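A.B. asks: My questions all concern the structure below.
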Amino acid sequence: MLTEVDVAIIGAGVIGLATANEIAQPKKGVFVLEKNHNFGLETSSRNSEVIHAGIYYPEDSLKTTLCLEGKNLLYELCERHDIAYKKLGKIIVAASEDEITQLEKLYEQGRKNGVEDLMLLSRTELKKIEPNIEARAALLSPSSGILDSYSLLKSFHSQAREKGAHFVFNTEVIGIEKVGTRYKLQIRDREGISAFASRIVINAAGLNSDRVAQLAGIDIAKAGYKLHYCKGEYFSLSSKYRHLISRLIYPTPEQAGKGIHVTPGLNGRVRLGPNARYVEAIDYGVDETQRQAFYNSTNRFLPFIKVEDLEPEFAGVRPKLQGPNEAFRDFVISHEEKAGFPGLINLIGIESPGLTAAPAIARYVRGTVDEYLH
């Protein structure tokens with residue numbers, strides 16, 4: 001007879017942790033399975049740590065609604081649990097005349113999305129608040145910020161454990177089979193291969209979420225769940241640039257990402273990135289030959305930097321649903337009841353603004369779980 005649990009969450013990144021924290025209760029057996037030795041070692045800890053305002057995406061998308069809700073929840077969580085953050089504000093710059101139209105479109109999209117504090121700035125107005133930035137015009141988003149993502153992950157983890165969630169690390173899910181009203185999960189850990197049963201399976205496996213959906217029996221090609229890996233590298237600036245900017249500085253966005261932006265960290269260290277390059281395999285090395293491209297991209301609005309001041313920092317990989325030159329794809333948060341898998345909830349393509357949206361995504365998933373159980 002297999003051991004039975006109520007909920008199995010696959011993946012202990014920010015989405016898995018936030019979800020465990022949201023649904024764990026003393027009387028509900030919630031188990032979080034993570035193939036790595038600790039939580040948040042992939043996409044959740046290899047990003048810009050930005051709290052996004054909700055400007056970029058279509059107004060009726062999950063990316064927008066969950067980003068807007070998540071932003072407010074995140075600031076509350078940071079206050080309540082003493083997680084370091086700064087509501088710095090973000091400036092999106094038009095480095096040339098033809099980019100001003102793009103800025104105006106972003107402003108309109110942001111307003112449509114319900115971001116009410118956006119301001120278009122002239123060159124003179126920009127110079128008053130960021131004298132070292134060079135641009136023709138800019139868009140100011142005062143509600144954007146940065147946070148200590150590790151402290152957020154740690155907070156979700158410890159709260160979920162206090163509520164009774166169990167975390168099992170160094171454990172990979174290698175099989176999911178529907179057996180009656182339960183799912184039989186086959187796992188591989190240090191002791192070998194074993195199995196247990198769960199009433200609900202939440203797939204929060206990030207970069208591997210399409211493969212986990214496939215393990216469960218979903219035709220990922222037909223469902224449109226196949227992920228594309230998009231690598232983003234970061235370079236940091238030497239310490240002499242520590243206090244030359246006080247806000248997040250972004251270029252007008254590109255197709256695969258938001259463009260190489262400039263992030264002053266909580267410690268004052270200035271980071272450039274990420275770029276966006278589609279890759280075939282997950283690899284966290286920084287290609288130092290990208291230094292010149294980073295310099296060329298950011299020198300347009302940071303004229304004071306020198307190429308030799310860029311130091312390789314780290315890299316991350318985004319789990320994108322849209323491939324190169326493909327149209328916008330929203331988050332997939334799907335209870336697969338109609339596909340014949342009641343109790344299986346897939347979260348796929350949770351890239352930016354996934355960190356910002358995490359607490360709102362967790363509430364959304366809890367609603368789905370509650371609906372299914374009752």
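The values are calculated or read from the model by the stated rules, or taken from the named source; none is laboratory data. All of these numbers come straight from a predicted model, not from anything done at the bench. Cβ atoms come from the backbone with ideal geometry, glycine included; neighbour counts cover every protein chain shown.
A.B. asks: Within segment 296-327, work out how many residues are of a type in the set (Lys, Arg) and surrounded by fewer than 20 Cβ atoms within 10 Å (Cβ to Cβ).
C.D. replies: Going through segment 296-327 one residue at a time, the tally reaches 2.
A.B. asks: Within segment 5-61, can you find the residues that are in contact with a Ser or Thr (Cβ under 9 Å, 6 or more places away or on another chain), charged (D, E, K, R) and either under 14 Å from residue 205 (Cα atoms) or modelled with pLDDT under 95 (or both)?
C.D. replies: Answer for segment 5-61, where residues must be in contact with a Ser or Thr (Cβ under 9 Å, 6 or more places away or on another chain), charged (D, E, K, R) and either under 14 Å from residue 205 (Cα atoms) or modelled with pLDDT under 95 (or both): 34, 35.
A.B. asks: Answer yes or no as to whether residue 189 is crowded, with 16+ Cβ neighbours inside 10 Å and either in contact (Cβ under 8 Å) with a residue 12 or more places away in the chain or outside the structural domain of residue 97 (by TED's automatic domain parsing) (or both).
C.D. replies: no
A.B. asks: Quick check on my filter: what residues within segment 128-148 are surrounded by fewer than 20 Cβ atoms within 10 Å (Cβ to Cβ) and not aliphatic (A, V, I, L, M)?
C.D. replies: Correct list: 128, 131, 132, 134, 136, 142, 148.
A.B. asks: Any residue at all in segment 56-65 that is surrounded by 19 or more Cβ atoms within 10 Å (Cβ to Cβ) and under 26 Å from residue 133 (Cβ atoms)?
C.D. replies: The answer is yes, given that some residue of segment 56-65 is surrounded by 19 or more Cβ atoms within 10 Å (Cβ to Cβ) and under 26 Å from residue 133 (Cβ atoms).
A.B. asks: Say whether the condition of being in contact (Cβ under 8 Å) with a residue 24 or more places away in the chain, more than 28 Å from residue 102 (Cα to Cα), touching a strand residue (DSSP E or B) at 6+ places or on another chain (Cβ under 6 Å) and hydrophobic (A, V, I, L, M, F, W, C) is met by at least one residue in segment 245-268.
C.D. replies: Checking segment 245-268: not a single residue is in contact (Cβ under 8 Å) with a residue 24 or more places away in the chain, more than 28 Å from residue 102 (Cα to Cα), touching a strand residue (DSSP E or B) at 6+ places or on another chain (Cβ under 6 Å) and hydrophobic (A, V, I, L, M, F, W, C).
A.B. asks: Does residue 229 qualify as being within 18 Å of residue 16 (Cβ to Cβ), touching an Asp or Glu at 6+ places or on another chain (Cβ under 9 Å) and aromatic (Phe, Trp, Tyr)?
C.D. replies: So residue 229 fails the test.
A.B. asks: Whether any residue in segment 112-119 is assigned by TED's automatic domain parsing to the domain that holds residue 359 and surrounded by 21 or more Cβ atoms within 10 Å (Cβ to Cβ) is what I want to check.
C.D. replies: There is no residue in segment 112-119 that is assigned by TED's automatic domain parsing to the domain that holds residue 359 and surrounded by 21 or more Cβ atoms within 10 Å (Cβ to Cβ).
A.B. asks: Could you say whether any residue in segment 216-231 is touching a Leu at 6+ places or on another chain (Cβ under 8 Å) and over 29 Å from residue 176 (Cα atoms)?
C.D. replies: Within segment 216-231, none of the residues are touching a Leu at 6+ places or on another chain (Cβ under 8 Å) and over 29 Å from residue 176 (Cα atoms).
A.B. asks: For residue 97, which of the numbered conditions (1) at pLDDT below 95; (2) at positive phi; (3) charged (D, E, K, R) fails to hold?
C.D. replies: (2)
A.B. asks: Looking for whichever is more than 23 Å from the chain's Cα centre (by Cα), under 30 Å from residue 102 (Cβ atoms) and of a type in the set (Val, Ile, Thr) here; the options are 129, 174. Which one fits?
C.D. replies: 129
A.B. asks: Oh, and also: Can you report the number of residues in segment 146-171 which are farther than 19 Å from residue 43 by Cβ and acidic (Asp, Glu)?
C.D. replies: Qualifying residue count, segment 146-171: 1.
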